[in-house]
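Working notes, structure below.
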Amino acid sequence: MIILKMAWRNVWRNRWRTALTIGAICFGASLTIWGFCLAEGSHEQIIRASVEAFSGHLQIHRLGYHEDQRLRRAFVPDSGLYRLLKDRNPAITDWGARITTFGLVSVGETSFAAMVLGIEPEAESRFIHWDRKLERGEYLEPSDENGALVGANLADNLGISPGDTIIIVTQDYYGALTGGLRVVRGIFRSYSAELDRAAVLINLSSAQHLLSMEDRVNTLVLMASSNDRVDPLKESLSSALEDQDMEVITWYEILPDLVQLMELDNFFGLITEAILVLVIGFMVLNTFLMSVMERIREFGVMRSLGASPGRVVVTIALEAVLLSAVGLFLGNLLGIAASWYNSLHPLDFSGMGEEVYKFYGMDPRIYAMVSLDTVLIPNFIIMGVVILALIYPAFRASHIKPVDALARR
């Protein structure tokens with residue numbers, strides 16, 4: 001208890017220097033926590049926007065379909081599979097069946113390559129929200145066997161509008177050439193350049209008829225209740241389907257470019273945080289090095305009275321812990337408060353070009369996300385830097401010779 005009182009007294013021996021060091025730790029901790037929470041929130045928003053654009057959190061296919069997307073790798077989703085998905089609730093919030101194939105879309109003498117998607121309109125309106133992405137026209141009805149939705153860029157290239165008729169030419173399940181007429185019900189913009197340039201959406205039953213696939217599909221798209229549940233959900237589904245020649249693919253396997261983008265963002269964010277934390281480290285180093293140099297006679301007296309070098313190191317370390325604890329406590333209060341506020345009231349960048357954000361399917365408002373990791377990691381980083389900054393001053397203090405120290409004036 002006495003050593004604690006001494007350490008606390010020594011911390012405040014030079015009030016201005018201590019106040020500046022605590023302020024630096026507080027500022028660095030609060031800014032680091034706030035930055036981590038904003039990064040976590042923005043990444044969660046990007047993931048949500050991406051999976052709701054097309055892919056979903058997970059997809060179930062016939063084994064090998066992800067690498068070789070042929071119609072022959074289709075499957076019939078039986079009642080057992082649907083029961084398996086229902087049993088995984090609330091981890092799975094929704095799902096829908098799809099057929100994906102490629103072909104040509106023509107109007108008159110103009111033709112373009114297209115990705116033809118057979119979807120369940122009612123199901124996908126709940127989690128992919130195609131109905132919210134319509135620029136013109138109306139959404140597909142579940143019973144509409146002759147309608148189609150066309151990507152905005154593809155519609156511009158073909159020169160079509162809602163009410164026009166397109167010709168779809170492709171290969172069916174057995175490899176034979178097939179085609180059909182579809183009436184354009186609406187034009188959508190998904191904020192995915194590939195989809196807007198090439199996608200044509202038709203009803204799942206219409207696609208099955210066109211492609212001679214009967215009740216077959218080649219993809220089940222699943223939405224999880226949160227991104228944290230994706231990996232556990234993949235493991236449980238893969239285990240349940242391992243004897244059925246099926247595979248479960250996650251969004252980050254489908255969208256590796258997005259993963260690399262977030263990793264790059266994390267890298268630059270860490271560089272920024274590292275510079276800030278290094279500044280804190282140098283301030284702590286300066287504070288304790290100056291403290292040691294000013295107290296050489298004091299440490300000499302301690303050594304003369306029988307204090308071991310380890311006791312001197314403990315004294316310096318305890319002072320550093322008290323100083324850091326005050327700074328981190330205040331920094332956590334400010335950082336968590338700012339992050340909590342931004343979780344309710346996001347940073348709004350719409351004034352810096354809202355259309356650019358919308359073009360890429362991103363919300364110009366950035367919400368912070370407060371979690372245990374976003375709070376603990378900055379604290380551990382700063383404490384680690386403080387410990388590193390303490391090594392040299394503690395070494396100097398522990399190696400002071402009593403005779404030399406007492407001879408100083």
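Throughout, read-outs are computed from the coordinates displayed, never taken from laboratory work. Since the model is a prediction, treat every value here as computed from it, not as a measurement. With ideal geometry, Cβ positions are generated from the backbone for all residues, glycine too; neighbour counts draw on all protein chains shown.
Structure summary
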quantity: Calculated FRET efficiency for the pair residue 9/residue 78, C-beta based, R₀ 60 Å, to 0.05; calculated: 0.20
quantity: The range 70-217 - convex hull of the alpha-carbon atoms, volume per residue in Å³; calculated: 109 Å³
quantity: Helix-only CD estimate at 222 nm, as mean residue ellipticity for the chain, using -39500 (n - 2.57) per DSSP H run (n ≥ 4); calculated: -17500 deg cm²/dmol
quantity: Cleavage-rule hits (trypsin sites (Lys or Arg not before Pro)) in the range 6-75: DSSP loop, at most 13 neighbouring Cβ within 10 angstrom; calculated: 13
quantity: 0 to 90° range, to nearest 10: angle between helix 256-294 axis and the chain longest Cα axis; calculated: 10 degrees
quantity: Whether the range 153-286 is rounded, prolate or oblate, judged on the alpha carbon gyration tensor where a/c under 1.5 counts as rounded; calculated: oblate
quantity: Within straight-line cross-link reach of residue 234, aspartates and glutamates at Cα separation under 20 Å, skipping those fewer than 8 residues along the same chain; calculated: 44, 52, 67, 78, 87, 94, 242, 243, 245, 247, 253
quantity: Average projected area [Cα convex hull, the chain], square nanometres; calculated: 26.8 nm²
quantity: Sequence-distant aspartates and glutamates (8 or more away, or on other chains) whose Cα lies within less than 14 Å of residue 5; calculated: 319
quantity: Added length on full extension, which subtracts the Cα-Cα distance from 0.36 nm per residue, residue 371 to residue 136; calculated: 80.5 nm
quantity: Footprinting exposure proxy for 93, 170 (fewest neighbouring C-beta atoms within 10 Å first); calculated: 93, 170
quantity: Per-pair calculated FRET efficiency, R0 = 51 Å: residue 241 and residue 112 via Cβ, rounded to 0.05; calculated: 0.90
quantity: Burial order of peptide ranges 23-34, 116-127, 99-110 (average beta-carbon count within 10 Å, highest first); calculated: 23-34, 116-127, 99-110
quantity: At R0 = 41 Å, FRET efficiency that the Cβ-Cβ distance of residue 122 and residue 388 yields, to 0.05; calculated: 0.10
quantity: Potential extension, residue 278-residue 261 segment - 0.36 nm per residue separation minus Cα distance; calculated: 3.5 nm
quantity: Ranked 52, 141, criterion: other C-beta atoms within 10 Å, fewest first; calculated: 141, 52
quantity: Net charge of neighbours whose Cβ lies under 14 Å from the Cβ of residue 255, counting Lys and Arg as +1 and Asp and Glu as -1; calculated: -4
quantity: Listed peptides 255-266, 238-249, 184-195 by packing density, highest first (mean Cβ within 10 Å); calculated: 184-195, 238-249, 255-266
quantity: Formal net charge of residues neighbouring residue 371 (Cβ-Cβ distance under 12 Å; K, R +1; D, E -1); calculated: -4
quantity: Shape of the range 186-228, Cα gyration tensor, a/c cut at 1.5; calculated: oblate
quantity: Chain lengthening between residue 311 and residue 177 when straightened (0.36 nm per residue, less Cα-Cα); calculated: 39.6 nm
